[in-house]
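> What follows is a single structure, and I will ask about it in a moment.
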């Protein structure tokens, strides 16, 4: 919609003196909604702990519990890892903690993105959303502000966890850190947009938790985060969009590592494919979210 | 100089499923007026408020704000009005100032001009000493003042309020009215508010009464009361039906029965008290003489009492959030 024409003043002398009738400034709207999201999140410390604490606990416990029995499938049987001593090359190349590391990162991004979009339901119930809905703003700026806020929170949480990779002896180079951060942000944005679509029409947070359990958690489990897929599972994973997020992160962790391909499980989607799929998904989900929020219905009220 | 009406409601009809919430409602609010939309719960005033504030789209009819059609010039209409919701619309985790800055940004204000405007609003609504407190720590009355500051921040020409007195103590209510009269006087702001309180509607310049989705009255409070005419007599009786029949038979007056109360409007009511009591010995337990109120207007127009007007059985299909 084009910018609003200046309001016809009823009493021109009063209106011109006191009413600052300015045009719409969508980026100001994006900025203020995004900032609000961050301020709110960091004022509710239990959320900060919840979204990052659980995945870290998962990572430590599963790493310790499954580590001894984990055996990475051979990438290429004839790879002949002559740089690594020992007969069972793959098993010694990568521990379960390391295998699970990018998966935990994607779980943190998922959790945080989802938790921040649950706030849409709260905004609606607590009434805050109604004053945003009647403001003279474009819906895309409202959606973008919300999504950027959620994505930045997820990014911060993800990067905190990312530092724990130092304990694994991952090779941190500036380009690798930037690449992981950039791709994590893209993933966060995609997941926040997904959360937005789920939350927009929902009237209770319980409903959201149900979706989380039956849809989002399995989606994460089957993204190659937890185990590399074999047989029919592999086909399920290939159509699971989250596979490309976890795989992308996994690729980027070994960005500058010589023979990094040896650290990757077989049949992992290639990095360009991961980038393309995630980017397309981000754009598509964002467009859907804008479209959905632009349709005014009585459901806006609750 | 002819000024456009501040608010024009033309043939607005709205349905929730099969229930008709608004049925051909039509009226205009002049610039600078304080206008009350009075009606019992379920009467349709909240629906009208939501249509006006652009929260829900119009189904039929037209609404214009300062000449801007809410359906076509939605942005311009939104920009020209301030909205104060019945349910709180503040972010409780943010401070008072943060809430107002946020609101300013949504309306395209920023920087120094916005800060000055926020300071001005805080001072005006006597909130300056609480400006850095989080909204969750404020009382209901203070929160409503922040809501007002929020609604008026971008200096709208029209302010619409949904049940603004809900949950306010008498002191806070009179503060609210003082503020509304002030902005009307100083800035010529047009004010449209909904209420289910008769005494609040009395304070408006003009009012419209909505009952079951229809406009049943539209005028100044004084003119409306004058239409009822004379005085109002309320008679309490154990046999109200018989009493209504008796009054009709004996005096030829039209009386109405509401539960065990019989009401009639007649000029010079004080003279009739003795006549009535003598005519029906022992059948009148109590008799009350009064000037007509807006409730009498409501009864005269709808045939039922104001408070008992709500049980519309399908009203449950309408989603309403409860305050708090």
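Values in this text are rule-based calculations from the coordinates and carry no lab data. Note that the structure is a prediction, hence the values are computed from the model and not measured. Cβ atoms come from the backbone with ideal geometry, glycine included; neighbour counts cover every protein chain shown.
> What is the calculated FRET efficiency for residue B:274 to residue B:227, with r their C-beta to C-beta distance and R₀ = 45 Å, to the nearest 0.05?
That gives a FRET efficiency of 0.95.
> Simple spin-label model, 7 Å along Cα-to-Cβ: residue B:133 to residue A:295 in nm?
Here the answer is 4.4 nm between the modelled labels.
> Residue separation times 0.36 nm, minus the C-alpha to C-alpha distance between residue B:41 and residue B:261: what's the value?
77.0 nm
> Please label the shape of segment B:7-224 as rounded, prolate or oblate, based on the square roots a ≥ b ≥ c of the eigenvalues of the alpha-carbon gyration tensor (a/c under 1.5 means rounded; beyond that, a/b larger than b/c means prolate, else oblate).
Because a/c hits 1.5 or more and a/b exceeds b/c, segment B:7-224 counts as prolate.
> Simple spin-label model, 7 Å along Cα-to-Cβ: residue A:46 to residue A:257 in nm?
3.9
> Between segment B:83-118 and segment A:108-179, what is the separation of their alpha carbon centroids in Å?
Value for the Cα centre distance between the two parts: 23 Å.
> Obtain the nm distance between the two label points defined at residue A:38 and residue A:267 by a simple spin-label model: each point lies 7 Å from its Cα along the Cα-to-C-beta direction.
Taking the two extended label points, one gets 4.2 nm.
> Would you compute, from DSSP H runs of 4+ residues alone, the mean residue ellipticity of the protein assembly as shown at 222 nm, taking -39500 (n - 2.57) per run and dividing by the full residue count, rounded to the nearest 500?
Estimated from H runs of four or more residues: -15500 deg cm²/dmol.
> Sticking with this one: Using a Förster distance of 41 angstrom, determine the FRET efficiency expected from the C-beta separation of residue B:115 and residue A:60, and round it to 0.05.
With R0 = 41 Å, the Cβ-Cβ based efficiency is 0.30.
> Pull out the extension gain between residue B:254 and residue B:219, defined as 0.36 nm times the separation in residues minus the alpha carbon to alpha carbon distance; nm, one decimal.
Using 0.36 nm per residue and subtracting the Cα-Cα distance, I get 10.2 nm.
> Once the Cβ-Cβ distance between residue B:295 and residue B:123 is put in as r, and R0 is 60 Å, what FRET efficiency do you end up with, to the nearest 0.05?
0.95
> Right, something else. Sequence gap at least 6, Cα distance under 8 Å: using those rules, report the relative contact order of segment B:7-224 to the nearest whole percent.
Here the relative contact order equals 31 percent.
> Rg(Cα) of the protein assembly as shown divided by 2.2 N^0.38 Å?
1.27
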